[in-house]
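Inspection log for the structure reproduced underneath, given as structure tokens.
The values are calculated or read from the model by the stated rules, or taken from the named source; none is laboratory data. All of these numbers come straight from a predicted model, not from anything done at the bench. FYI the Cβ positions are ideal-geometry reconstructions off the backbone, even for glycines, and counts take in every protein chain you see.
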Amino acid sequence: MESAEHVSRIRDHYVPLLKQHDRSHLAVDWAVEEQQHLRFAILADIGNVKEASILDIGCGVGHFAGWLLERGFAGSYTGIDVLPEMVERAQQTYPELRFETANFMDDPGRWQADLVIASGIFPLCDMALVKNTISAMFERCRTSVAFNSIGYPIRSRSA
């Protein structure tokens with residue numbers, strides 16, 4: 001899948017949700033907030049997240065960042081997302097953390113972190129992009145990678 005096509009899918013799916021739900025878990029298509037937090041706990045169990053450098057790929061509106069801060073996070077955090085609308089909300093909510101509008105697959109040498117995390121970024125990807133993204137995550141981590149592949153089926157554009 002070409003990058004432009006993938007970003008277009010993301011935009012088509014998430015911008016309406018952002019308009020409807022703003023910063024809530026529903027804006028990033030998580031049906032139940034408690035389940036989102038459970039996934040964060042599982043992802044965070046990969047290492048000493050409290051003082052690590054973390055790269056959060058597809059950070060959305062910053063929910064994982066907020067979850068970390070609520071638990072005493074004192075490390076270095078960078079959240080990236082391809083949608084500026086997501087990044088703007090995240091930065092407004094957590095001004096003490098770093099958020100960037102960027103495509104993780106571009107500029108391979110740009111990001112390095114102890115822990116590279118991704119939650120819910122694969123549902124709109126084809127298998128080649130999933131494999132390439134996971135490979136790139138491992139190339140950019142110093143210690144560990146954690147991701148989930150839980151998602152929803154791609155809805156047809158005519159539905």
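This table checks each residue for (1) surrounded by fewer than 14 Cβ atoms within 10 Å (Cβ to Cβ); (2) over 17 Å from Ile121 (Cα atoms).
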{"residue": "Glu5", "(1), (2)": "yes, no"}
{"residue": "Ile10", "(1), (2)": "no, no"}
{"residue": "His21", "(1), (2)": "no, yes"}
{"residue": "Glu34", "(1), (2)": "yes, yes"}
{"residue": "Arg39", "(1), (2)": "no, no"}
{"residue": "Ala44", "(1), (2)": "no, no"}
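Does Ala159 qualify as being modelled with pLDDT of 90 or more and among the hydrophobic types (A, V, I, L, M, F, W, C)?
In short, no.
Starting from region 94-123, take each residue that is closer than 16 Å to Ala52 by Cα and list its partners that are in a loop (DSSP other than H, G, I, E, B) and β-branched (Val, Ile, Thr), counting only C-beta distances under 7 angstrom and pairs at least six apart or across chains.
From region 94-123, the pairs are Leu115/Ile46; Leu115/Val49.
Tell me, yes or no, whether region 21-32 has at least one residue that is out of contact with any Leu (no Cβ under 7 Å at 6 or more places or on another chain), free of Cβ contacts under 8 Å to residues at least 24 places away in the same chain and not in a loop (DSSP other than H, G, I, E, B).
yes
Scan the helices (runs of 4 or more DSSP H) fully inside region 42-159 and keep the ones with 1 or more residues being among the hydroxyl-bearing types (Ser, Thr, Tyr) and within 16 Å of the chain's Cα centre (by Cα).
Per the criteria, 84-93, 127-140.
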